[in-house]
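Here's the structure we're looking at; comments come further down.
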Amino acid sequence: MGKPTGFMDYKRETSVSEAPLERIRNFNEFHTPLSKEEQQIQGARCMNCGVPFCQAGMNIMGMTSGCPLHNLVPEWNDLVYTGNWEQAYNRLKKTNNFPEFTSRVCPALCEAACTCGHWGAPVSVRDNEHGIIETAYKEGYAGPHIPKVRTGKKVAIIGSGPSGLAAADQLNSRGHAVTVYERNDRVGGLLRYGIPNMKLEKKVIQRRLDILTEEGIVFKTNVNVGKDITKKELEKEFDAIIFATGSKKARDLNVKNRDCTGIYFAVDYLTKATKHLLDNTDEISAKYKHVVIVGGGDTGNDCVGTSIRQGCASVVQIEMMPKAPDERLESNPWPEWPKICKTDYGQEEAIAVFKKDPRIYETTVKECILDDQKNLKQIKTVKVHFNNGKLEEVKGTEQILDCDLLLIAAGFIGVEDDLKKSFKLETTQRNTIVTQPNSYQVKDKYFTAGDCHRGQSLVVWAIHEGKECAKEVDAYLMGYTNME
Ligand code: FAD
């Protein structure tokens, strides 16, 4: 432990966000990191607890507390404090394949479980992680490690999101020949087409892909597995196959006039926005439009931030659930994940531009109202509440909102039908791929990881799944595994 009294001597400081009205002028990341010296001081705030909840990744009351990757947080906090940045990087890389992604997009389960946060402000773990990985790139020790020995075994990974990339990284480092298939034109899954630039600039993904490619992983894009390459062809060429295909099937809205123009799924909207920035292709523009987003979660918030940057006339985010409390309830004590109302970047921006919070709670869409050309013009909403677990409308609470762009960000419901059909996959009630009990193995040479296995989740969980799955694939191929 670097400085025993650090948590009392120094206040929590984090990277500085650009003011909402400034940052909405472009789609760039908008946090200015602390200097190396300032970040070192933040490392000193870590108390190196006897029981470091920050790295526990355990389930409390159905939610994760601490890091699912079991990042060695107190160890690298200490190394940051003492200025041993390269050693800090080595400790961080032991558990996390892609700190440059998690240090930008993770909700920081570690910080919510930090003991310092029990009474005061938690250690700035995510910013410390960001400092470690960016220093590693800057100082040149984050580069490729090309495996010295090859096993002669071949692995196909279907899907290039964080779970597929983590599995690929692990298996390639072990010496297996890894090919990653991706049906999109670019690698990255939702990191690429989903999470907007403001949270994760795409050059950050490319920087990592260049390393993975140099290390020997083969990426094949624009290949829809099951259609462009068949099950039989894959089985002939590869010794093991991993489904890391995500959970892209979106939950739809079942309302009158759903089939009119002007309604899109959030991920399709966000994908086009990113592709427009990358290739100047057509986007679904929110310019001058009255935007309504169905879904009060993180994806909905990303739509708020994106439509504001595109110049929307107004934005409303509709949520079915009641507003969470502003302060932790006694029934939700530390180190449980705090169930409080957070105002994310997009909502902050909406408040700055339109002078009001875009969220309305306990509300759903009842009907889409069209103009003469059958374009969306307005929506009818209604208040809802749960009665004995059943959602009910509150009579007489209908409202009309102007809306010519409706974005559905109501969550995902698992594996897409085409993949199920092509590979004759069995799925669970939640529409995730069925595996052997407590295993990532589906059957024979098939394995699975990430959202298609776990259900819609987080990048940090996808990396965890990719790593755990890789261990099982390695043991299947070699008869044992020495992978950590
Ligand atoms: P994905 O990232 O979904 O990747 C699966 C890939 O498989 C896709 O590229 C898909 O094209 C490909 N694929 C599917 N079928 C085939 C096929 N037949 N052939 C070839 N390729 C195929 N999590 C966070 O932690 N922080 C965030 O800020 C955050 N923001 C999010 C914002 C949005 C808009 C969304 C939708 C999700 C967000 N998430 C966030 C969740 C996170 O992105 C996912 O949990 C994570 O990406 C899942 O990783 P994955 O590898 O399982 O799947």
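The values are calculated or read from the model by the stated rules, or taken from the named source; none is laboratory data. In this text the structure is predicted, and so the values were computed from the model without any measurement. Note: ideal-geometry Cβ built from the backbone for every residue, glycine included; neighbour counts use all protein chains shown. These area figures cover heavy atoms from the full protein model, side chains too; ligands, DNA and RNA do not enter into them. Shrake-Rupley method; radii C 1.70, N 1.55, O 1.52, S 1.80 Å.
Using a simple charge model, +1 on the beta-carbon of Lys and Arg, -1 on the beta-carbon of Asp and Glu, nothing else, what dipole does region 360-484 show about its Cα centre, in debye to the nearest 20?
That gives a dipole near 320 debye.
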Looking at region 361-432, which trypsin sites (Lys or Arg not before Pro) are DSSP coil and have at most 13 other C-beta atoms within 10 Å of their C-beta? Lys374, Lys395, Lys424, Arg430
Please identify the chymotrypsin sites (Phe, Trp or Tyr not before Pro) of region 418-484 that satisfy two criteria: DSSP loop assignment and at most 13 other Cβ atoms within 10 Å. Which are they? Tyr480
Solvent exposure ordering (accessible area, 1.4 Å, most first) of Phe238, Phe412: Phe412, Phe238
Farthest positive-ward along the chain dipole, Cα basis, beta-carbon charges - from Val415, Leu209, Gly466: Val415
In whole percent, and with a 1.4 Å probe on the protein chains, what portion of the accessible area of the chain is carbon and sulfur? 50
Taking the alpha-carbon centre of each part, the distance from region 361-427 to region 91-128 in Å is 35
Which helices, taking whole DSSP H runs in the chain, have alpha carbons extending 15 angstrom or more along the helix axis plus mean Kyte-Doolittle at least 1.0? none
Of Lys366/Lys395; Lys248/Lys289; Lys199/Lys289; Lys3/Lys199; Lys287/Lys342; Lys3/Lys94, which ones are farther than 21 Å apart at the Cα? Lys248/Lys289; Lys199/Lys289; Lys3/Lys199; Lys287/Lys342; Lys3/Lys94
At 1.4 Å probe radius, can you tell me the per residue accessible area of the chain in Å²? 46
Could you let me know the centre-to-centre spacing of region 178-229 and region 277-335, using Cα atoms, in angstrom? 26
Would you calculate the volume per residue, in Å³, of the smallest convex hull containing every Cα atom of the chain? 162
Mind running the shape call on region 1-159? Use the C-alpha gyration tensor, a ≥ b ≥ c as the square roots of the eigenvalues: rounded below 1.5 for a/c, prolate if a/b tops b/c, oblate otherwise. rounded
